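The values are calculated or read from the model by the stated rules, or taken from the named source; none is laboratory data. No experiment lies behind these values; they were computed from the predicted model shown. FYI the Cβ positions are ideal-geometry reconstructions off the backbone, even for glycines, and counts take in every protein chain you see. In case anyone asks, the SASA skips ligands and DNA or RNA and just uses the protein heavy atoms, side chains included. Shrake-Rupley method; radii C 1.70, N 1.55, O 1.52, S 1.80 Å.
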Amino acid sequence: MAEEEPKHHHHHLFHHKEEEEGPKDYEKEEKHHKHMEHMGELGAVAAGAYALHEKHEAKKHPENAHRHKLEEEIAATAAVGAGGYAFHEKHEKKEAKEEEEEVEGKKKHHFF
C-alpha cells in the first residue's frame, strides 16, 4: 500500500490569517491598516532621528567617523524603508475603505 505523504505547509515571511467565512469586518481592517501606517511613520521618524544622531557623532568623533557614517547610512535606509511601508499601509487602508463602500453600495462606478 502506498502511504500518503503529509502535506507540507509553506512558511512565509508574513503570516496572513485565513479568510474567514461570513461577512468581512471592513472597519476593523481599516483600523488595522491605519495602526500599521502609524507604526511605519513612527519607525521612519525614529530611524531618521538615529541617522541624524550618527551624523553628529561622526563630526564629534573623527577617529570613529567611518563607523558613524556607515551607521548613519544604514539608519537612513531603514527610515526610507519604514516610510515606504507607511505609504503601503495607507494604500491598503484606502482599498479597505473603498471595498467597504462598494459592498455597502455607496460608491458609484463611472465607466465613461
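Among residues of the range 39-56 that are under 13 Å from Ala82 (Cα atoms) and in a helix (DSSP H, G or I), those with a beta-carbon under 7 Å from a residue that is among the aromatic types (Phe, Trp, Tyr) and open to solvent by 20 Å² or more (accessible area, probe 1.4 Å) at least six positions away or on a different chain give the pairs Gly40/Tyr85. When the range 42-69 is filtered for residues that are buried (at least 17 other Cβ atoms within 10 Å of the Cβ) and within 30 Å of Asp25 (Cβ to Cβ), the ones remaining, listed by number, are Gly43, Ala44.
When Glu72 is tested against the conditions (1) closer than 30 Å to Lys28 by Cα; (2) surrounded by 15 or more Cβ atoms within 10 Å (Cβ to Cβ), the lone failure is (1).
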